[in-house]
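Written out below as structure tokens is the structure these notes cover.
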Amino acid sequence: MSTFVPFKKPVKPRTSLPVSDLLDRSDALGRLRVGVQQATALAQDLARLLPDYLVPNVDTGGIQDGTLTLLTGHGALAARLRHLEPGLVNELQQRGWPVKKLKIRISPQPMPPAAAAPKAQMSPTALASLSALCGALEASPLQESLQRLIAHHTAGAKKPR
């Protein structure tokens with residue numbers, strides 16, 4: 001029988017690094033960091049220049065060949081941005097952004113799901129009247145329909161608490 005016990009290296013505890021340090025470790029990630037900082041600064045400058053009601057409804061795209069792309073949810077906001085374009089371009093240029101014109105695009109937001117339609121409820125008085133009518137009728141398709149209607153509303157009626 002062997003009494004050999006394998007040697008285990010002690011495990012060093014892992015230390016966490018700030019994301020900023022990780023981004024600076026490679027050129028590609030460093031460029032990504034700079035790009036994100038520039039995009040954030042542009043969005044902040046634009047937010048200061050836009051009217052308050054437009055800020056949450058406008059997203060910035062990139063600047064390409066002197067054209068800044070702005071995305072908005074619908075045509076009315078796009079029209080308003082087109083009216084503001086000369087002043088926005090001028091203000092952005094004064095803040096050091098290489099913007100010559102704006103490209104305004106509509107990026108429709110998905111519609112929220114429709115709320116379920118409330119279920120129709122019949123009052124106890126109406127149910128009593130329909131029951132009386134149903135009892136007064138001879139056997140017929142109308143009487144059968146009324147019975148189904150009464151049964152449906154009786155089964156689905158809210159019970160008092």
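FYI, it's all coordinate maths here, none of it is from the lab. The shown structure was predicted, so the numbers you read here are calculated from the model rather than taken from an experiment. Cβ atoms come from the backbone with ideal geometry, glycine included; neighbour counts cover every protein chain shown.
When the chain is treated as a GNM, springs tying every alpha-carbon pair under 10 Å, which of Gly135, Gly66, Gly30 comes out with the largest mean-square fluctuation? It is Gly135. Which of these, Ala43, Ala28, Ala136, has the largest mean-square fluctuation under a Gaussian network model of the chain (Cα springs below 10 Å)? The residue with the greatest mean-square fluctuation here is Ala136. For the stretch 24-57 versus the stretch 84-137, the spacing of their alpha-carbon centroids is 30 Å. Each principal axis of the Cα atoms in the stretch 1-155 has its own extent, and those three values, largest first, are 89, 88, 23 angstrom.
Note on the stretch 68-108: Cα-only Rg and Dmax are 10.5, 31 Å. With neighbours defined as other Cβ atoms within 10 Å of a residue's Cβ, the residues Thr60, Thr67, Thr72, Thr3 order from fewest to most as Thr3, Thr67, Thr60, Thr72. Each other residue within a Cβ distance under 12 Å of Ile104 adds +1 if Lys or Arg and -1 if Asp or Glu, for a net charge of +3.
All other residues with a Cβ under 12 Å from the Cβ of His74 taken together, and with Lys, Arg as +1 and Asp, Glu as -1, what is their net charge?
On the way: positive: Arg80, Arg105; negative: none.
My count for the surroundings of His74 gives +2.
Counting neighbouring beta carbons within 10 Å and listing from fewest to most, the residues Lys100, Lys9 come out as Lys9, Lys100. Between Pro18, Pro141, Pro112, the residue with the greatest mean-square fluctuation in the GNM of the chain (Cα pairs under 10 Å linked by springs) is Pro141.
Taking the helices alone, the chain has a mean residue ellipticity at 222 nm of -15500 deg cm²/dmol, built from -39,500 (n - 2.57) per DSSP H run of at least 4 residues and averaged over all its residues.
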